[in-house]
1. Tell me the residue from Gln297, Gln265 that is more than 19 Å from the chain's Cα centre (by Cα), touching a residue at least 60 places away in the same chain (Cβ under 8 Å) and not in a helix (DSSP H, G or I), please.
2. Given the residues Ser250, Ser261, Ser235, which is the only one that is surrounded by fewer than 17 Cβ atoms within 10 Å (Cβ to Cβ) and over 21 Å from Ile303 (Cα atoms)?
3. Looking at (1) in contact with a His (Cβ under 7 Å, 6 or more places away or on another chain); (2) modelled with pLDDT under 95; (3) surrounded by 24 or more Cβ atoms within 10 Å (Cβ to Cβ), which is the only condition Phe308 fails?
4. Kindly list, by first and then second residue, each pair from a residue in segment 169-192 that is in contact (Cβ under 8 Å) with a residue 60 or more places away in the chain to a residue that is hydroxyl-bearing (Ser, Thr, Tyr) and not in a strand (DSSP E or B), limited to pairs with Cβ atoms under 6 Å and residues at least 6 apart or on different chains.
5. Would you be able to tell me the number of residues in segment 115-135 that are out of contact with any Leu (no Cβ under 8 Å at 6 or more places or on another chain) and surrounded by fewer than 20 Cβ atoms within 10 Å (Cβ to Cβ)?
6. Given (1) modelled with pLDDT under 95; (2) assigned to a helix (DSSP H, G or I), where does Ile290 come up short, assuming only one miss?
7. When Tyr267 is evaluated against the numbered criteria (1) farther than 29 Å from Pro102 by Cα; (2) among the hydroxyl-bearing types (Ser, Thr, Tyr); (3) crowded, with 16+ Cβ neighbours inside 10 Å, which criterion, by number, is the only one it fails?
8. Pick from segment 209-241 the residues that are among the small types (Gly, Ala, Ser) and in contact with a strand residue (DSSP E or B) (Cβ under 9 Å, 6 or more places away or on another chain): which of them is farthest from Arg271 (Cα to Cα)?
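The values are calculated or read from the model by the stated rules, or taken from the named source; none is laboratory data. It should be emphasised that the depicted structure is a prediction, and the values quoted were computed from it without experimental measurement. Here the Cβ positions follow ideal geometry from the backbone for every residue, glycine too, while neighbour counts run over all protein chains shown.
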Amino acid sequence: MKLFLKNLMLISAIPWVLAACGTPTAVPTEVPTAVSETAVPTEAPTSEPTVAPTVVPTEESATVSNTETNRAAAIDAFTRMFQGDATAVDQYFAEDFVNHNPYGGGQGLDSYRQISTQLGAAGFPMWEAIRSIASGDYVAVQGLYHFESLATFKPDPDAPGVVAIDLFRFENGKIVEHWDALQDVVPAEKTPDNNDMLSGAIGKPGEPAIDPKVAQDAVVALSNGDKSLIKTVFSEAYVNHNPFGADGWSGLEQLADILGSAGFQMYTPLRAFADGDLVILHGIYHFENIESFKPSQDAPGVIAFDIFRIEDGKIVEHWDVLQNNVPSEKTSSGISTTGDGLSK
């Protein structure tokens, strides 16, 4: 931890670091348009997901246009920021921007401007977008940071890098809120089925292929040790890019056995939405931490972003990012890493 903090200080409080454990907080009951949000610690969510309403063609066209504008803005913002162009911060982020990253240097945009300027000195693009999922005011981007590792945050274009999923919420064309998780890339040869953490189909945006609650309910079931949805929701050809999990139905059955042995629901869903053939889930796994993966109802847990790709109505591919949670009292701004707004 001392080494971590030392390195963190050397790069002036990088806003995208998550390393310590923390306590998940409940999400407020207000649900944004086109995004399903739940906070159910011990049982599967019962509320129906919020989906984009049926509207007249002109309104639908406007919604699609806003969604695509937000997607492009989120990707351009980070691309330029990590090339040293600090003007992207003022162009895309609202002055009252809320950052749920635990080491974001507090609220406000000064830390983003500073880190953009500093990382521009690396001399090469420090971030690249891989996949994006957009729905209404929300955009999630899976990307690759060109750092040596989370332990050093040393710029290195040749290292495997750090995979991240960043979730943005927009209002009036500006980013007003941000959540994220980061994880060191594990080389494919060190995974159960030689799948690297980023390869595979990119995804096709558009009308959601499935209700995101289908994927959310399947993960909740697995976290309870329930295997009943495996063959109905997942393809037999399921490819798992999680560096610790195996492919196919057998890999999912193994996961259900591991999670089910805890004797309590191991996953709390937070947010879910879909875009074309991709679905993203944001939630908390109730592990002690990612170093031990020991089940714990009392520990802060592990933040998880899961991306699923749908084909012929079933999940055929999966990517994720896992990061230890951080309690509000240990974050730089004193707010929750998983909640809405300035909630504790």
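1. Going through Gln297, Gln265 in turn, just one is more than 19 Å from the chain's Cα centre (by Cα), touching a residue at least 60 places away in the same chain (Cβ under 8 Å) and not in a helix (DSSP H, G or I): Gln265.
2. Result: Ser250 is the single residue among Ser250, Ser261, Ser235 that is surrounded by fewer than 17 Cβ atoms within 10 Å (Cβ to Cβ) and over 21 Å from Ile303 (Cα atoms).
3. If we test Phe308 against (1) in contact with a His (Cβ under 7 Å, 6 or more places away or on another chain); (2) modelled with pLDDT under 95; (3) surrounded by 24 or more Cβ atoms within 10 Å (Cβ to Cβ), just (2) comes out false.
4. From residues that are in contact (Cβ under 8 Å) with a residue 60 or more places away in the chain, the pairs are Ile175/Tyr92.
5. Count: 9.
6. Result: Ile290 fails condition (2) only.
7. (1)
8. Ala237
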